[in-house]
Structures are given as structure tokens and as C-alpha cells.
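Colleague: Questions regarding the structure given below will be posed in turn.
Bear in mind these aren't lab numbers, they're just calculated from the coordinates by the rules spelled out. Predicted model only: the values in this text are computed from it and were never measured. For neighbour counting, all protein chains shown are included, and Cβ atoms are generated from backbone atoms with ideal geometry for every residue, glycine included.
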Amino acid sequence: MIYLDNASTTKPSEEAKKAALLAMENFGNPSSLHRLGMDAEKILKNTRDAISQKLSVDAKNIFFTSGGTESNNTAILGYARANKKRGNHLITTAIEHPSVLEPFKILEKEGFEVTYVMPKKDGEILVEDFKNEVREDTILASVMAVNNETGVIQPISEIKSVLKEKTKFSALHVDAVQGFCKIPIFPKKYGIDMISVSAHKIHGIKGTGALYVGDGVNIKPLINGGGQEKMFRSGTENVVGIAAFGAAVSNFKGIDTKKREELKEKIISNIPSVVINGSGNNSGYVLNVSFPGIKAEILLHSLEAKGIYVSTGSACSSNKPMPSHVLTSMGATKEEILGAIRMSFCEEDFDIDFVVETLKNEVENIRKYVR
Ligand SMILES: Cc1ncc(COP(=O)(O)O)c(C=O)c1O
């Protein structure tokens, strides 16, 4: 099996699985005052430390959540609602993950004005375009670090400079679910106020995430109850997932970005009429290719039959079968959108020539059939 769908989810690492099993044995509730509780609390501390070290921040600013979706919802809804008096304008981009776009739609219904900045054809947000939309009453911007469909890196620190220049006070939230551990993300250096991360994209297990919240950033909690996570996110913590998260962060080895380049070049030179989506500043972890005239889902299943696992657009968009909003806003044609597959990589090596050869054969077969 060649698994090239790591932007959807990754295989849990051996270290993450071991840590999770151990945490199941040490089954205490971190809020309990006895030794079992303290052991569980220690697991939370270790993971908080591992995440904060990666981001070069203080561990007290890391809060656990149920994943990237909850982190994004908490940051956006929680911040806008807590800071409504400061201004009514919010800004984001048209290529964000649905877990960012949907909270903004909710906020529009609550009376906020939201601007969605469009990307360039190469998948990057132009800082100048962003700057033109920032207003004096902008209180929050949310821009992703790495796009999940194209792998394109967005100019986060330049965006913060624009916010500083044009507003008296505006927070920056970064959805770093696809960038955490993979590209340098340092909130203090870049002036980021909130960062969302998720465990299952870096060989942890699903249903675990975290939100970095900078000092003095005021957020209204979404989940209320027993006051865990310093009242910020109630509910007994997912100790098993958090244990695996810590192990995943500590053992993340990094991905060889040359693989994407080699695969891309070989696809271009071996298969006619292909379009590479996301030619902007690419992280090197995602390769999005269109085969116009082919239905991506058919190609996906024919590759699957040969043991190669890819995705059409993002996993989330396969829940709602709609054309990719990311490729649409980048100006791709309908044929390019319907024929786009995403290959996303992890640290494990794979046979690039086999993937290219199989792609070439399957694309040729489908094209013959379509004609
Ligand atoms: C950019 C981005 N943000 C947020 C999420 C949601 O993360 P989770 O699956 O942990 O809820 C994803 C998942 O694909 C993502 O790619």
C-alpha cells in the first residue's frame, strides 16, 4: 500500500500508540487529587510542554481541545463574541478549511461583517489584497498557515504587519493544522495571537487538538462546565489522545520536500494535459494535480485498486460532494476542479516511479474510455 492521503489523516506512530496504551493503564482523571489523578495530570503537562516547545511559547498558553475543528471554532467564535465592543469587522480568506469558514458564517448571522479575501491563481493570498480589505474596525483576522488542498504556505507574518499598521487592535488567528511541526510557526516572532493544531495530522490519534492563546487575548469559552483547562474548555480531558499527541510531537521526524518536486516533474513529463494546482510558495507536503476530462473519483478508485491511496480535494469536501471551494476561488476551470486529485506525504518513503507509472496507465485508460 502506498498511502498518499496524509493531509486527511496520518498513521499513528508506534510511539503515539505506546503512549496511548500506557495512558489507558494509568486511567486517572487529571482533576482528581490522588496519585492516579496526578499521574494523568503529568501526561497533560508533558504534552503541553512538547507543543509549547515546538511553538516556542509558554506551556500555560496551550489548551487542549477535541481537534482542529474545535480549536478553530473556539478561536473565531470565542474571540469575536468576547471582543464585539471593539469593532464589527472580521477578515479571513476564501480558501480556509470549513471549520474556519462556517464559524464566520455564524458570526455574519450574529451581525458581524466578514470579508473573504480571494487567493491568486497560484493559491497564495496577496498581502496587498489583504491590506486593501483591513479596516479600522477590524478586530480579528484568521488566515491558515498551509492550505490543506494545495499545500500552499500563506504569508502570515506579513499579514500581521498589515494588521499592526492599519488597526489599533486586531488579533490574528492561524489555523496551523496542516503546518504544525512541518513549517516554522513561532507565534511570538510572527505576532500570532491564536493557533489551532491537531494531533492526527502528525501521527497522533484523532479527536485531539490544542489551541494556543497568547497572553491578554480574551476568548469566551464555547464549552462550559467543570472548569477544566483553566475554565477555558470544560470537560474531562482526553488523556489517551493527549498522551499520543505528546509522543507524536516529540517524535515527528519531518518530511523530505524533494519528493513532491520529483513526483510533480515526473507527472508533468510523463502524462499529457495535466495542471498543477498550488504553484505558489508550497510547503512540499501536498501535490494537487488536475487531469481535465477525468472524474477524479474514478481515478481515485482505480488507483486504490492498485494500492495507491489519494484523495479528491479534501476529506471534508467528500462529506459534502461540492466542487472544491479552494480550487474554485483560485480560478480553476470546472474540468480542472472535477479532475483534481490530492496526494499528500508523510515521512515514510514511497516508490515515486511506481506512482507515476500507475497514474499514467490509469489516466490513459480512463481517457480512452471517456473518449
Ligand atoms: C486546515 C485544516 N484545518 C482544520 C482541520 C480540522 O481538523 P480536525 O480534523 O482535527 O478537526 C483540518 C482537517 O483536515 C484541516 O486540514
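Colleague: Would you say F27 is within 16 Å of the ligand (Cβ to nearest atom) and either in contact (Cβ under 8 Å) with a residue 12 or more places away in the chain or not in a helix (DSSP H, G or I) (or both)?
Modeller: On the way: within 16 Å of the ligand (Cβ to nearest atom): no; either in contact (Cβ under 8 Å) with a residue 12 or more places away in the chain or not in a helix (DSSP H, G or I) (or both): yes.
No.
Colleague: I'm told K120 meets every condition in (1) touching a residue at least 60 places away in the same chain (Cβ under 8 Å); (2) under 15 Å from V174 (Cβ atoms); (3) more than 16 Å from the ligand (Cβ to nearest atom) except one. Can you identify the failing condition by its number?
Modeller: Going through (1) touching a residue at least 60 places away in the same chain (Cβ under 8 Å); (2) under 15 Å from V174 (Cβ atoms); (3) more than 16 Å from the ligand (Cβ to nearest atom) one by one, K120 breaks only (2).
Colleague: Taking region 223-249 as the region of interest, how many residues are within 23 Å of the chain's Cα centre (by Cα) and surrounded by 18 or more Cβ atoms within 10 Å (Cβ to Cβ)?
Modeller: The total comes to 16.
Colleague: Within region 162-173, identify whether any single residue is crowded, with 22+ Cβ neighbours inside 10 Å, small (G, A, S) and in contact with a helix residue (DSSP H, G or I) (Cβ under 9 Å, 6 or more places away or on another chain), and answer yes or no.
Modeller: Yes, region 162-173 contains at least one residue that is crowded, with 22+ Cβ neighbours inside 10 Å, small (G, A, S) and in contact with a helix residue (DSSP H, G or I) (Cβ under 9 Å, 6 or more places away or on another chain).
Colleague: Does I62 count as away from the ligand (no atom under 16 Å from the Cβ), surrounded by 22 or more Cβ atoms within 10 Å (Cβ to Cβ), farther than 19 Å from V134 by Cα and not aromatic (F, W, Y)? Talk me through it step by step, then tell me what you get.
Modeller: Values: away from the ligand (no atom under 16 Å from the Cβ): no; surrounded by 22 or more Cβ atoms within 10 Å (Cβ to Cβ): yes; farther than 19 Å from V134 by Cα: yes; not aromatic (F, W, Y): yes.
No, not satisfied.
Colleague: Cβ-Cβ distance below 7 Å, separation of 6 or more or different chains: which pairs start in region 69-81 with a residue that is within 9 Å of S196 (Cβ to Cβ) and near the ligand (Cβ under 9 Å from one of its atoms) and end on one that is part of a helix (DSSP H, G or I) and not aromatic (F, W, Y)?
Modeller: Taking only residues 6 or more apart or on different chains, the pairs are T69/S99; N72/S99; N72/V100; N72/P103.
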